[in-house]
Structure formats: structure tokens, C-alpha cells
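The values are calculated or read from the model by the stated rules, or taken from the named source; none is laboratory data. Just so we're clear, the structure is a prediction, and the values are computed from it rather than from any experiment. Ideal geometry is used to build each Cβ from the backbone, glycine not excepted, and the neighbour counts take in all protein chains shown. The area values use the complete protein model at the heavy-atom level, side chains included, leaving out ligands, DNA and RNA. Shrake-Rupley method; radii C 1.70, N 1.55, O 1.52, S 1.80 Å.
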Amino acid sequence: MDFGLILLTIGVSFILAVISAPLLIPLLRRLKFGQQIRGEGPQSHQKKAGTPTMGGIVIILAFTLAFLKFSVVNTDFYVLLIATLGFGLVGFLDDYIKIVFKRSLGLTARQKLFGQLLFSGILCVLLLSEGHSTAIGIPGTGFSFDWGPWFYYPFIVVMLLAISNAVNFTDGLDGLLSGVSAIALGAYAVIAMQATSLPAAVCAAAMIGAVLGFLVFNAHPAKVFMGDTGSLGIGGAIGAIAIVTKSELLFLIIGGVFVIEMLSVVIQVISFKTRGKRVFKMSPIHHHFELSGWSEWRVVVTFWAVGLVLACIGLYLNKGL
């Protein structure tokens, strides 16, 4: 596979994001598409109120243009594109309702779940028509087992829902999700090249460039937030790449930061509902560290470092798949 093409895709997507963000941010300000900050959150976040959100439009736009330009068109291409744009659309509707209709929760849980299930179902139909393998490999072992379509496809639907929401939970600090997702996508770009899947490699590369370009404006202090438009779109892309490259379970390692973030929320909710006590000062867990006295930048850099270590471990274990 042409490594130069992957680098070119990253570069073009990065430039598109860097060019489009300064055009979109003033527009979002004029439309008063500002972020609402939860009152129970860290007090240091209150000064972020009104910062433009829905900046994920920049990520989705840069990604789409680069992906359409450099990818080949086949079933995997459509799976990756629909996953990213479909989940991004669900996030866009959620952001739009929050901001325009002044509803703090945006889409209801059922509405968001319906949208995610709809696009997951479309992906399953495409994969089934392609004759996609229903075997799942155990990372680092060389062992795999075939679940068959009746178990595999429900599994990947749950997987897509879990990944997209785990990525969404990680978006809470300036630059946190942009950096962690770029690292995870870098690992998946390598895996896609090893699997000789050009669409998956180009998809990962296009998203890397887009989130790094966005990071220029999202690093602390952030000039814009990506909102659910960006976080759900990124989650859809990562989930689809894991499926296309047959590295479904490897996400638990490469995307370990996302997994930890989601588990912290689940643990917090279960503990509070069953015991009336909180395990963490606040969930997702990045807020726990903030409330424990860590600076926002220290939390972000630490999570980036953890993500990098886990990505390297995932790449090493991928040899045994």
C-alpha cells in the first residue's frame, strides 16, 4: 500500500480543517451556537460558557472531502462513509436541538438510540451483502472463532453503539478527544495498511488530519468545541474501521482510554443507584482528576500518554491476530 498516499491524505485533511475552522467559528458566534456548561461541573469550566460548539462540522467536512478524493470506492468505502456521516448526523441533530431550542439534553435517549441503530443496521446490510467474515480474532493469540451472522451482526451493532458513546464521553476537556482519537486512529491506520484495506487506511488518515487540524483551535484554551457532531462522527469512523479491518476486540486495547471513560460513567451510575454513593468525584473520569486538583492540561497530556502506550500495545498484539 502506498504510504505516501496516506501521508498526503492526512496533510490535505489537516489543511482543509485549518482553513475552514476560522471561517466557521465566527459564524457559530454570530448564530450564538455557544456551549452550555453544567453547573455541577468543575468551576473552572464556567468561563467556557458561550464558546462556540458544533465545531465537529469542520472535522466532518475535512474528513469527507479528503476521503472522497483519495479512497477507492467499494463496499468498505460505503460502510466507512455511512458510519462516519450517519453517526455525525445524529450528533449534529443533538447539538442543533440543544442550542436552537435551548434544550439541555438535545435528542431524547430513545431518539439518539434510534438514529444510531438505523445507521448500524444499514452497515450490517452492506457487510452482509459483501460476505463480510463473521469470525472474531482474539488479540495476541492467533485464535479466532466464527459466531455466524445471527450472533456477529447483533454484536457489531452493540459494538458501534458502545464505541460511539465511549468516544462521546471522552469529549470533555480542551483537546482531550482530539488528541486521544488521533492516536487511536494512527494505530488503526497502521492496522488497515497491514490488512491491505485502502478505504480503511484512507478513512483513518482523513480523520487523523481532520482532528489534528481541529486541535489547532481546540487546544487549551479552546476557541471552539466539536460537540456531539464531531465526537459521534469520530466514534462511528473508529468503530467502522475496527469492523472493516477485522480487529473488533482490539479496540478494547487501542481505544482503552475510551473504554475507561465509559466504564467510569457506568460504575458511577450503578454505584449511586444501588448504594447511594459515588465512586468518583465526578464522571467521566477525566473530571474526577480535575476535581482532585489536576490542571486541565495535565489531565489531557496524561490521557494522551496513556492512549499512546495502549495504541503501541495494540499494534504489538495485532501481530498475533
Residues with amide H under 5 Å from that of Ser144, placed H, sequence gap 5 or more
Ile138
Based on Cβ point charges of +1 for Lys and Arg and -1 for Asp and Glu, what charge dipole magnitude is obtained for the chain about its Cα centre, in debye rounded to the nearest 20?
1160 debye
Using alpha-carbon coordinates, inclination of helix 3-30 to the longest axis of the chain, degrees
30 degrees
Could you work out how much longer the chain between Leu113 and Ile267 gets when fully extended? Use 0.36 nm per residue separation minus the Cα distance between them, nm to one decimal.
53.4 nm
Can you give the charge dipole size of region 253-318 about its Cα centre, rounded to the nearest 20 debye, using +1 on the beta carbon of Lys and Arg and -1 on the beta carbon of Asp and Glu?
380 debye
Using Cα pairs closer than 8 Å and at least 6 residues apart in sequence, work out the relative contact order for the chain, in percent.
28 percent
Working with all protein chains in place, sort Leu123, Leu61, Leu310 by solvent-accessible area computed with a 1.4 Å probe, largest first.
Leu61, Leu310, Leu123
Once phi is turned into ³J(HN,Hα) by the Karplus curve 6.51 cos²θ - 1.76 cosθ + 1.60 with θ = phi - 60°, what whole-Hz value does each residue of region 153-159 show in order, with x for glycine and proline?
5, x, 4, 6, 5, 4, 4
Most to least packed among 129-139, 259-269, 232-242 [average Cβ atoms within 10 Å]
232-242, 259-269, 129-139
Got the relative contact order for region 128-264 handy, in percent, Cα pairs under 8 Å and 6 or more residues apart?
35 percent
What number comes out for accessible area per residue over region 92-179 if the probe is 1.4 Å? Units Å², please.
50 Å²
On average, how much accessible surface per residue is there in region 229-305, in Å², for a 1.4 Å probe, leaving out ligands, DNA and RNA?
40 Å²
Amide H of Thr51: which non-local residues (sequence gap of 5 or more, or other chain) have their own amide H closer than 5 Å, using H built in the peptide plane?
Gln35
Computed from the beta carbon distance with a Förster radius of 25 Å, FRET efficiency for Phe101 and Ile122 to the nearest 0.05 stands at 0.35
Can you flag which of Lys223/Lys319; Lys223/Lys246; Lys112/Lys246; Lys112/Lys273; Lys98/Lys281; Lys112/Lys277 are past 30 Å Cα-Cα?
Lys223/Lys319; Lys223/Lys246
Between 0 and 90 degrees, rounded to the nearest ten: what's the tilt of helix 56-70 against the longest Cα principal axis of the chain?
20 degrees
Charge dipole of the chain about the Cα centre (unit charges at C-beta), most positive-ward option of Met159, Leu126, Ile97
Ile97
Where the Cα atoms of the chain are projected onto their three principal axes, how long is each span, largest first, in whole Å?
50, 49, 35
Decide, for region 52-170, between rounded, prolate and oblate: order the square roots of the alpha carbon gyration tensor eigenvalues as a ≥ b ≥ c, take rounded if a/c falls under 1.5, and otherwise choose prolate if a/b is larger than b/c, else oblate.
prolate
